[in-house]
1. If you go through region 49-59 one residue at a time, how many are at pLDDT below 85 and crowded, with 17+ Cβ neighbours inside 10 Å?
2. Take A103 and tell me if it is at positive phi, at pLDDT below 85 and surrounded by fewer than 19 Cβ atoms within 10 Å (Cβ to Cβ).
3. Residue check: is A469 surrounded by 15 or more Cβ atoms within 10 Å (Cβ to Cβ), part of a helix (DSSP H, G or I) and modelled with pLDDT under 80?
4. Tally up the residues in region 52-79 that are charged (D, E, K, R) and assigned to a helix (DSSP H, G or I), please.
5. What about A478, is it part of a helix (DSSP H, G or I), modelled with pLDDT under 75 and on the phi < 0 side of the Ramachandran plot?
6. Among the residues in region 511-519, are any surrounded by 18 or more Cβ atoms within 10 Å (Cβ to Cβ), in contact with a Gly (Cβ under 7 Å, 6 or more places away or on another chain) and among the aliphatic types (A, V, I, L, M)?
7. Taking the stated definitions as given, is R275 in contact with a strand residue (DSSP E or B) (Cβ under 9 Å, 6 or more places away or on another chain) and loosely packed, with under 13 Cβ neighbours inside 10 Å?
8. Residue by residue through region 80-89, note down the ones that are assigned to a loop (DSSP other than H, G, I, E, B) and farther than 19 Å from A480 by Cα.
Amino acid sequence: MIAVKFDPKLPLRFVRYLRMSTEMQNARSPDQQLDEINRQLQRTGYPWVHVADFRDDAISGRLMRKRPDFTRMIEGIKTGSLQVDVIAVDTIERLGRMNELQALRYELQVKYGVLVVTADSHFSDPTSAAGKALGMVENIRATTHGDALAHNVRRGKLDTAKNKRWPGGPAPRGHRLQSIMKPDVEPAEVAYRVLVPDPATAPVIREYFRLAHENGWGGGRIAKHLNSDPDWVAKHGKVAGSTVDYHLANPIHKGTLRYNRFQTGIADDRRVATRNDESDVVHVENYCEPIVDPPVFDSVQEMRRVRSDQIRSARTARKQSGGKQIMPVAPGVTVRYPLTGLVRCGVCGGSMRPNSSRHGRYQYGYYYCPHLSDGRCTNRQRVRIDWLWRVFVARLRDQLFPLGADGDGGTPSWLSELVAAIRAELLRRAKQKQDDRPLLERDLEDLLEKISGWSQSLAKPDLSAAVRAHIEQEFNAALARQQKLEDELAGLAHDVERADKMLDVEGVVDRLRHLSELLGTTNPTALNVELARHVEQILVHPDGRVTMRTHRLGAFEGVTGLLAIPAGHTPDCSLKSAGATGNGIVQPRKSLLARHDTNGSVTNSTGAAPRVDLTFTKLPDRWVDEHVVQIPRRHTFAHLRAHDVAKKKQETDWSNAKLAEHFGVSGPTIRHALQIASRREPPCDDDR
């Protein structure tokens, strides 16, 4: 069996990873971890070569992506800028408490030849049978310790809630926290906190319930009514319909605490919440002073129950579970329509939501801004999904395809020119970094002198506590800066190598072929994940303009992130919305969809799709192709497909009945399309 060999007597290159979870822990915990690793290395006498240190202070180990130095370490290993053999940690819990820990260790070992060893096991061989068994125990220990702590915390909070004391977290709107002090204690110390009505925000909650009780409105209509009142918006701001619904359902407003309704945890490196069984939910009557009369609250709940039962019945009738009984914890979102999550409102930047309507026996889908319904947005423009898809795909094919246009066996004609441009830009940046090398080296020398001086100062026993604390703070910041400078200098030599690796022509062609195949499938989830690589923005404006900004950089793995405009910089490709309030740039948010696996495939079945963030990367104008089309005034089949019907009629000389069967519409619709085609010019971009 082929396996990674671990010989600790070789001069292995190693990095140390140090972490503490919260600010309430010992601030010197990472330093103590470092000392313990060094002590064990000195004790074993291994001739290892130290490369770098990575440290995350006051960051939980349950998530990987929120730890900057951990992420930097892993990315350095995967990109080749960090050439190491071993990651040394004090205990495996310092590396993380996530369920993906075992998979991460396996990936580092098999793909990159990097082993994770721990000081508390005296750097035992993780590739041996005993080491593998120890690794399994370490993984279990790393994940179950947090579960035990969470159980103890939850038990204490439940007891606090039953005693009518606030169990923690921010107070719900309409209430504020009042501290109850311990008697006869100097200095004063808080014993616990209780909820009391907040004079500033309680009237807002009362207005929600008044409108719901008197008018029978739901959260959407209440939000739309309040958002249309300039005085209300000026005083309280705009509110979402979902926010109103949340408050209408919360019994705390009538003085009853509902606690332990949800349980939270980490799945797929994300925080997820699942609803507990009703038997686990705690209801504490007379928990606090009500801000809404209980009869009014109960009346509103009854109206909401009737409406929710109707909606639930309709959804249950449409839902098909396929007999599956155990649902996934973090399945992501499986979409039904292409471009879902990629089409954005040109006013508020929100993701436009698909909606379908039926006319006779035909069903049509539209994208619309969901913030219009509760008055948070003014964009009333709707765009037909099928029309937008045809226009977008036509534009994307013109930009990326056909493959093999230059006759070299499948390579698109634009690829060689784009590769040369990207290579020139990456080499220019690499040269610029090389030009900065003397400056970085000088900064590092100055920093080392300061660190040496601070070390001598800290060695003085008569140093005052205030001065020592200040020097320690500066000393720790200098160490972190030193590490970053050393990493940056070490990575300069790998810039050209990374550029050549990213500009792999065969990989580009393979990804383009994969996209071409997906364009002919009926899997919108997989398709949208791949399209997100090439889309910067698709904005729908109130005047009917659709701005499509696409690029070819998505065909290169990792290039888009390198050439993107850094966060905090004003992009020269910014688009101001025609109806946007103020002068802010529309900044689309992420959209959570299914995440492709390492092979680029996506599972589109219910409960089996992992997740991905569709991140909209802003690029300089030179890399982006912008195309603006106008939404046609009429969206009927006859108006949209008149040219296609006339062309098919001319090519085949079919009867209207045969054309109707071919296009899947009625005979009168075909006659209408032919009439439209006969009295107008050849189609513009809007009709393609």
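1. Residues of region 49-59 that are at pLDDT below 85, as a first pass: 57-59.
This time we only want the ones that are crowded, with 17+ Cβ neighbours inside 10 Å, so: 57, 59.
Residues meeting the conditions: 2.
2. no
3. Values: surrounded by 15 or more Cβ atoms within 10 Å (Cβ to Cβ): no; part of a helix (DSSP H, G or I): yes; modelled with pLDDT under 80: yes.
It is false that A469 is surrounded by 15 or more Cβ atoms within 10 Å (Cβ to Cβ), part of a helix (DSSP H, G or I) and modelled with pLDDT under 80.
4. Of region 52-79, the ones charged (D, E, K, R) are 53, 55-57, 62, 65-67, 69, 72, 75, 78.
Adding the requirement that they be assigned to a helix (DSSP H, G or I) leaves 69, 72, 75, 78.
Residues in region 52-79 being charged (D, E, K, R) and assigned to a helix (DSSP H, G or I): 4 in total.
5. no
6. No, region 511-519 contains no residue that is surrounded by 18 or more Cβ atoms within 10 Å (Cβ to Cβ), in contact with a Gly (Cβ under 7 Å, 6 or more places away or on another chain) and among the aliphatic types (A, V, I, L, M).
7. Numbers: in contact with a strand residue (DSSP E or B) (Cβ under 9 Å, 6 or more places away or on another chain): yes; loosely packed, with under 13 Cβ neighbours inside 10 Å: yes.
Against the criterion (in contact with a strand residue (DSSP E or B) (Cβ under 9 Å, 6 or more places away or on another chain) and loosely packed, with under 13 Cβ neighbours inside 10 Å), R275 qualifies.
8. Here is the first cut: in region 80-89, the ones assigned to a loop (DSSP other than H, G, I, E, B) are 80-85.
Passing the criteria: G80, Q83, V84, D85.
The values are calculated or read from the model by the stated rules, or taken from the named source; none is laboratory data. No experiment lies behind these values; they were computed from the predicted model shown. Here the Cβ is made from the backbone with ideal geometry for all residues, glycine too, and neighbour counts use every protein chain on show.
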